[in-house]
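Read the structure below first, then the notes.
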Amino acid sequence: MLVYENVIRGIFRQRLNRFVAEAEIGGAVERVHVRNTGRLRELLAPGAEVYLIPSRNPSAKYKYALVAVRRGGIVVNIDSLAPNAVVFEALRRGQVKEIGTPEAVRREVAYGGSRFDLGYERNGRTGYVEVKGVTLAKGDAALFPDAPTVRGTKHIRELIDAVENGREGVVFFLVQMKGCRRFAPHAEMDRPFADALGEAARRGVRVLAYDARVSESSIALGDPLPVELP
């Protein structure tokens, strides 16, 4: 579980760019750092209740960072740093049943000329995990990505290569909310990514999706979701 300290409630006003927004905090409008460069149009609407944490750096340009938003009674974590931390801890504790309990788990693991988010050793085999945080939901489906991602497609191709060279490969989608019943790639937004993900699954890469238990001040691994691939 990832726990935030000193969480502050605010009201979202507007997004100025990918990294900066305005929020009303304690009656004053503040410019705040947005810990997610995705579009988030369905979440960051004027008047939305948001949750922020104070910067630990006294010389930081912005005093607060926006990490979660309430939508329709559900708190959605939008912190792009959270999924790696949550999945790392879950792997260490053996909470990802499809993988089991690895003997070792590491962050930022090199493979060829690339790096994967996580790496693990299990039963004498090396595995690589690329973690994707999911904040977009339509109906009962969690969708990724919410914007085209050439980098995401590249990661999937690299995992295919790793599997073909005797490693294990996993794409892990952490849906940063409760309430979704399934996961699917957002083909309407990024067809090359959706096609690459389907190909990866056919060639031995595991595609996993879990939702998350989210509050205003925490996020933890939830339950597995069915994955629907093209």
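Every test in (1) in a strand (DSSP E or B); (2) more than 17 Å from the chain's Cα centre (by Cα) is passed by Ala212 save one, and that test is (2). State whether the residues of the range 146-168 include one that is in a strand (DSSP E or B) and over 27 Å from Glu49 (Cα atoms). So far as the range 146-168 goes, yes, one or more of its residues are in a strand (DSSP E or B) and over 27 Å from Glu49 (Cα atoms).
From the set of residues in the range 118-135 that are among the hydrophobic types (A, V, I, L, M, F, W, C) and surrounded by 23 or more Cβ atoms within 10 Å (Cβ to Cβ), which is nearest to the chain's Cα centre (by Cα)?
Residues of the range 118-135 that are among the hydrophobic types (A, V, I, L, M, F, W, C), as a first pass: 118, 129, 131, 134.
Now narrow it down to the ones that are surrounded by 23 or more Cβ atoms within 10 Å (Cβ to Cβ): 129, 134.
Numbers: Val129: 13, Val134: 5 Å.
It comes out as Val134.
Quick check: is even one residue across the range 166-182 touching a residue at least 24 places away in the same chain (Cβ under 8 Å), open to solvent by less than 10 Å² (accessible area, probe 1.4 Å) and among the polar types (S, T, N, Q)? Checked against the condition, which is being touching a residue at least 24 places away in the same chain (Cβ under 8 Å), open to solvent by less than 10 Å² (accessible area, probe 1.4 Å) and among the polar types (S, T, N, Q), the range 166-182 yields at least one hit. Considering (1) at pLDDT below 95; (2) more than 13 Å from the chain's Cα centre (by Cα); (3) closer than 20 Å to Val87 by Cβ, the lone condition that Val170 does not fulfil carries the number (1). Taking (1) surrounded by fewer than 19 Cβ atoms within 10 Å (Cβ to Cβ); (2) under 26 Å from Leu2 (Cβ atoms) in turn, Pro185 satisfies each apart from (1).
The values are calculated or read from the model by the stated rules, or taken from the named source; none is laboratory data. Everything quoted here is computed from the prediction, not taken from an experiment. Virtual Cβ from ideal backbone geometry, glycine too; neighbours counted across all protein chains shown. Note: accessible area is taken over every heavy atom of the protein model, side chains too, but ligands, DNA and RNA are not part of it. Shrake-Rupley method; radii C 1.70, N 1.55, O 1.52, S 1.80 Å.
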